[in-house]
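Worksheet: one structure, shown below.
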Amino acid sequence: MQVKLVAALAATGLFMSACGDKDEQRAQADANAVGFVPPSVTSRLDFGASMERRFRTLDRNADDRITKDELPAPNARIKAFDRNNDGIITAIEWSEGTLAWFDRMDLNRDGTVTSEERAESRKR
Ligand SMILES: [Ca+2]
Ligand SMILES: [Ca+2]
């Protein structure tokens, strides 16, 4: 993203005129380094596996259901997984819910969610 933007600015000549000053250039480079988040890519399989682990952690009594008392705090996203609204999230509701969540984040439908897609879906 950052690289594309810089390339686009350089191509239009804006980059050179905006960053003529060396100190300014250096300050921008430092800011970029501090705010840098390494890009990550999560596959649907990895996501499902880590969500499965999360389910197991939440399901303290290991009965394959997450009941209200097993949720640390009211959570709208997790509550939405409870499709039949019985206040209990079964393992099936959990896996369907988490995969549907993944698919909503996977904007270009390639089976992976990049950090950019994740950030974009957070904005929505
Ligand atoms: Ca349980
Ligand atoms: Ca339910």
**Q.** Matching option when the condition is away from ligand 1 (no atom under 13 Å from the Cβ) and among the β-branched types (Val, Ile, Thr), among Thr112, Thr90, Thr67
**A.** Thr112
Q | Residues satisfying the stated conditions in region 90-115, i.e. out of contact with any Phe, Trp or Tyr (no Cβ under 7 Å at 6 or more places or on another chain), within 14 Å of ligand 2 (Cβ to nearest atom) and of a type in the set (A, V, I, L, M) | A | Ile92
Q) In region 1-47, which helices (runs of 4 or more DSSP H) lie fully inside it and hold 1 or more residues that are more than 25 Å from the chain's Cα centre (by Cα) and at pLDDT 80 or above? A) 22-34
Q: Take region 90-124 and flag every residue that is within 25 Å of Pro38 (Cβ to Cβ) and open to solvent by 80 Å² or more (accessible area, probe 1.4 Å).
A: Arg104, Asn108, Arg109, Asp110, Glu116, Arg122, Lys123, Arg124
(Q) If I filter region 55-89 down to residues being under 21 Å from Arg44 (Cβ atoms) and open to solvent by 50 Å² or more (accessible area, probe 1.4 Å), which single residue comes out as nearest to ligand 2 (Cβ to nearest atom)? (A) Arg83
Q: Scan region 85-102 for residues that are closer than 16 Å to Lys123 by Cα and either free of Cβ contacts under 8 Å to residues at least 12 places away in the same chain or touching a strand residue (DSSP E or B) at 6+ places or on another chain (Cβ under 7 Å) (or both) and report the count.
A: 1
Q) Is it true that Asp30 is more than 28 Å from Arg109 (Cα to Cα), open to solvent by less than 100 Å² (accessible area, probe 1.4 Å), in contact (Cβ under 8 Å) with a residue 24 or more places away in the chain and of a type in the set (Asp, Glu)? A) no
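The values are calculated or read from the model by the stated rules, or taken from the named source; none is laboratory data. Note that this is a predicted model, so its numbers are computed, not measured. Cβ coordinates were reconstructed from backbone atoms using ideal geometry, including for glycine residues, and neighbour counts include every protein chain displayed. SASA here: full protein model, heavy atoms, side chains in, ligands and nucleic acids out. Shrake-Rupley method; radii C 1.70, N 1.55, O 1.52, S 1.80 Å.
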